[in-house]
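Here's the structure we're looking at; comments come further down.
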Amino acid sequence: MGYFLFELKVQLRSKRTLISFILLLLGCIYYTFSVAWSYDPFYSLDQATLENRIEQRQTVIDNTVIDENTHGMVGWGISINEHKNIMDRQRLESLKKNDWAAFAWDTAQILEIDDRNAFTDKMNIFFYDPSFYIDGNSFVRWDAHFEYNRLARSFLMMNRKRIEENYQLSKEKWGIDMPVPPHIKDMGEITQNVFEERTGLQTFVRASNLILPTAMFILILIGFADILTRDNEHQDMLQGFPMRFTMRLLHKFMVGLAYTFCLLLVPLSFFVIYSLNFGFGNLNLPSVTYNVLIEQGAISNTQFDFATIGEHLGKWLILFFLIVALLLLSVLFTNLLFRSQIISLVTGLFLIFGGRLYMSQGMGEFRNWRNFPTTFINIGEVISGRSWFFYGDKGLNFDTALQTFGLWSIALIIGIVFVMKGREFIVKSRRSIR
């Protein structure tokens, strides 16, 4: 225990740790008060904007004459506008009543209509929200298609009452007793912040799907490299702690985990600060995943499936700490081989960023990269199914990530044991010769 506390004390007082905490603190301040605080989803609407849209559509409908000479596309467009106006008038009533569950349900219908029209459009008549059309993005239709469907399923989950009513109607009409999916649970009151995904948990999930894991892995790697290579420069100091080499490595592993938990306290503290202003949210709130519905041989019927934030965060934490363990083992293995902090850092950085060297959208149809841990570093995208959807490989999922990280960790442990036993054998051989 004395050696563990000594190593932890030295690590937390080191200049690199101080710099890492300062960088993480500045990053959390920027993300919390600049990015998250001003988050403005494209589907967010106020009463005036909604009324204006209804009025504009109605003007087009009233001033368009449909007769035998009218092109079919014109009639189709008018029918779409009439249907969307009906939905928007319902949304307007929900907005006036402050009924955000009903508002979410009708918004889901609107998103499904817009996605169906824009995704299947070959004549550039229908478009997604302008925020998706950014410079250099060649996959606008696919990016927007995923986001529209994710939001639509999330908004449907926010109205459990309507889902239960629909299932009851199906039972009465078709005689099929279909239970409500178990993922659709009581989410408490649906507020504007819940609908716009501004609550603390929803914001944390959004951050965990983007930059948070990568930033944490880099800072953790720097700390691990410092912890595991410190002995190379302070051999004399180790004489004060007579213990086996394996026990010393075990203590360092525990120090690395403690260091990781200390780093996690920084974003968690800002999560609390943010949540006090926008609400903490609920673990039963929706977090949609892209998943297989029916699989028959090489043919898969996929869908955007119901899930909860609690399930998403549980899987995220499992993969996060598996990657942390893999980083620690890789740094330890390279340090045993080369005794170089730079080589250990380069190895860890390759593990974090290596996937960007070969991954490209749609690559799964031609190449199989699922056996490499670098493929699964973006753990938020793996859990949500976004990696599978974008890269076209159904193996980029949570279960495969578990297997890959587990097998590589076992391989590194075997390599570490092999190197340590080899060194012990060499030392004993030299002593016997003398």
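Every number in this text was worked out from the coordinates using simple rules, so none of it is lab data. Just so you know, these numbers come straight off a predicted model, no measurement behind them. Please note: Cβ atoms are built from the backbone with ideal geometry, for glycine as well, and neighbour counts cover all protein chains shown.
What to note about this one:
- For the stretch 24-83, the set of chymotrypsin sites (Phe, Trp or Tyr not before Pro) satisfying both a DSSP loop assignment and a count of at most 15 other C-beta atoms within 10 Å is given as Trp37, Tyr39, Phe42.
- Relative contact order (%) - the chain, alpha-carbon pairs under 8 angstrom, separation at least six: 16
- Alpha carbon convex hull of the chain, volume per residue in cubic angstrom: 204
- Put the Cα centre of the stretch 8-53 next to the Cα centre of the stretch 64-83 and the gap is 47 Å.
- Long-range HN-HN contacts of Asp305 with modeled amide H, under 5 Å: Thr289, Tyr290, Asn291
- Annotation: the residues Asp226, Asp135, sorted from fewest to most other C-beta atoms within 10 Å of their own C-beta, follow the order Asp135, Asp226.
- Coil-residue GluC sites (Glu not before Pro) of the stretch 19-108, DSSP, other Cβ within 10 Å capped at 14: Glu68
- Sequence ranges 117-129, 381-393, 209-221, ranked by mean other-Cβ count within 10 angstrom, highest first: 381-393, 209-221, 117-129
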